[in-house]
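Remarks on the structure that follows.
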Amino acid sequence: MTPTPIILDCDPGHDDAMAMILAAYNPAINLLGITTVSGNGIINKVTENALRVCALAKINVPVAQGAGASLLGAVEAASDIHGETALDGAPLPAATFALQPGHGVDLIAKLVREHPEKVTLVATGPLTNIALFLKMYPELQDRIEAIVFMGGSAGRGNRTPYAEFNIWMDPEACDVVLKSGLPLTMIGLDVTHQALITKEIFARLEGLNTEIAKTLSGLMRFFAQTYNDVFEMPDPPLHDPIAVAVLIDSTVTKNRFVNVEVELSGLHTRGATVVDIYSRTGGKANVDVALELDFDKFWTMMLDAVEAAGR
Ligand code: RIB
Ligand code: CA
C-alpha cells in the first residue's frame with residue numbers, strides 16, 4: 001500500500017514530539033515536512049523543539065516556522081503543562097539542520113504543489129497555519145486529501161471548562177477549517193483521554209532500553225507530573241499521535257460523522273467545539289469525530305515507532 005503523504009503542523013510539546021516520531025517511523029506514512037505554530041510555547045521555542053526532536057529521532061524532513069500568534073493576534077504558552085521550554089523533562093540534542101527559509105504556510109504550499117499525489121494535513125496545535133494556507137492558497141485546496149486535527153471535544157474542555165487548548169487558542173482558524181468543505185477528522189479530548197500513559201506503558205517504553213526511549217520517558221514523566229498537578233490525572237493522555245495513528249489504521253478509533261461548529265463569541269464558551277453527536281440541530285455533517293480508541297492497537301504502533309527510531 002502506498003504510504004499516505006502528510007505534512008505535520010505542530011507545537012512541540014510533549015505529545016507533538018511523539019506524533020513526529022510516529023509520523024516519521026511508521027511505514028504507512030510519508031512525512032513530507034513539519035511546520036510549527038505557537039501554542040504550547042511561543043513560536044521560537046516550539047520551533048527549536050521541533051528541530052531538536054528531529055535531531056533526537058534522526059528525522060530528516062524540511063522544517064519551517066509558522067505563525068507566532070492566532071489569526072486575531074493571541075499568544076499563550078501552556079507552560080503549566082509543557083514547562084518553560086515547552087518540552088521540559090529531559091535534555092535534547094542540539095538541532096542538526098537549519099530551518100527552511102520562509103514561513104511555514106509557504107512550505108506547506110510548496111510541498112503540496114510539488115507532490116504528485118494529494119496531501120493530508122495533520123494538525124496537532126492551533127489551526128492558524130492551516131487556516132492561513134486555505135485562505136492564501138485557495139488554488140491548492142484541490143491538492144489536499146483531508147485535514148486531521150487534534151483539537152476540540154464533544155464534552156468539556158481543558159483550557160477552559162468548555163474549550164480544548166488548540167481550538168481555544170485560535171477559534172477563528174478552526175472556523176475556517178470547519179467551513180472548508182474538505183474531508184475533516186477531529187481527534188478530540190473524548191478519544192485522546194483514552195490514550196493514557198499508564199504504568200504499564202511506561203514500563204514498555206523504558207523496556208525498549210534505547211537512548212531515545214530513555215529521553216522520551218524523561219519527557220513523558222515530566223508531562224505526567226504536570227498533568228497530575230493540574231488535572232489530577234495520574235496517567236497523562238497522549239493526545240497528538242492519534243491524529244497520525246488514524247491514517248495508519250482507521251480502525252484505531254471509532255468515529256461518528258456529525259455536524260461540528262465552533263463557538264466564536266460565547267462569554268464563557270469561546271473556543272468550544274459544538275459537536276452535534278445526536279444530530280439535534282439539523283446542521284449538515286462535516287466532521288468525522290473520533291470517540292473511541294483501540295488502546296492496544298494505538299500503543300503498539302506508537303511504541304513500535306519509538307523502537308524503530310532507536311535502531
Ligand atoms: O489539548 C491538548 C492539545 O494542546 C495537544 O495538542 C497539546 O500538545 C496542546 O497543543
Ligand atoms: Ca500539540
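Every number here is computed from the coordinates shown, using simple stated rules; none is lab data. All of these numbers come straight from a predicted model, not from anything done at the bench. Note that we place each Cβ from the backbone using ideal geometry, even for glycine, and neighbour counts take in every protein chain shown.
Odds and ends about this structure:
- Prolate/oblate/rounded label for the range 39-112 (Cα gyration tensor, a/c 1.5): oblate
- Eligible lysines near LYS199 by straight Cα distance, threshold 21 Å, same-chain separation 8 or greater: LYS214, LYS297
- Charging the Cβ of each Asp and Glu at -1 and of each Lys and Arg at +1, and nothing else, the dipole of the range 105-201 about its Cα centre rounds to 120 debye.
- Spin-label zone in the range 126-149 - amide nitrogen under 15 Å from a point set 7 Å from the Cα of ARG159 along the C-beta vector: 126-131
- For the pair the range 43-104 and the range 269-311, the centres of their Cα atoms are 23 angstrom apart.
- Remark: the Cα gyration tensor places the range 221-311 in the oblate category, a/c being 1.5 or greater and a/b not exceeding b/c.
- Of all DSSP beta bridges in the chain, antiparallel share, percent nearest 5: 30 percent
- Loop-located GluC sites (Glu not before Pro) in the range 57-126 whose Cβ has at most 13 other Cβ within 10 Å (DSSP): GLU84, GLU117
- In straight-distance terms, cross-link reach from LYS254 covers every one of the aspartates and glutamates whose alpha-carbon lies under 15 Å from its own, apart from those fewer than eight places away in the same chain; here that gives ASP190, ASP288, GLU292, ASP294, ASP296.
- Lysine pairs in the range 37-174 with Cα atoms under 20 Å, if 8 or more residues apart or on separate chains: 4
- Sparse-neighbourhood loop sites, GluC sites (Glu not before Pro) in the range 195-304 - DSSP loop, at most 10 other Cβ within 10 angstrom: GLU232
- In the range 210-270, trypsin sites (Lys or Arg not before Pro) in a DSSP loop with at most 16 other beta-carbon atoms within 10 Å: ARG270
- Computed over the range 134-275: relative contact order in percent, which uses C-alpha pairs under 8 Å that are six or more apart: 32 percent
- In this rough spin-label picture, where each label sits 7 Å from Cα along the Cβ direction, the GLN225-THR198 distance is 2.5 nm.
- Cα gyration tensor category, rounded, prolate or oblate, for the range 160-212 with a/c compared to 1.5: prolate
- Label point distance in nm, PHE97-ASN30, each placed 7 Å from Cα along Cα→Cβ: 1.7 nm
- Stretch in the chain that is longest and holds no chymotrypsin sites (Phe, Trp or Tyr not before Pro) that DSSP places in a loop and that have at most 16 other beta carbons within 10 Å: 98-277
- Relative contact order (percent, whole number), the chain, Cα cutoff 8 Å, 6+ residue spacing: 20 percent
- Projecting the Cα atoms of ASN286, PRO236, MET301 onto the charge dipole of the range 236-311 (Cβ charges, centred on the Cα centre) puts ASN286 farthest toward the positive pole.
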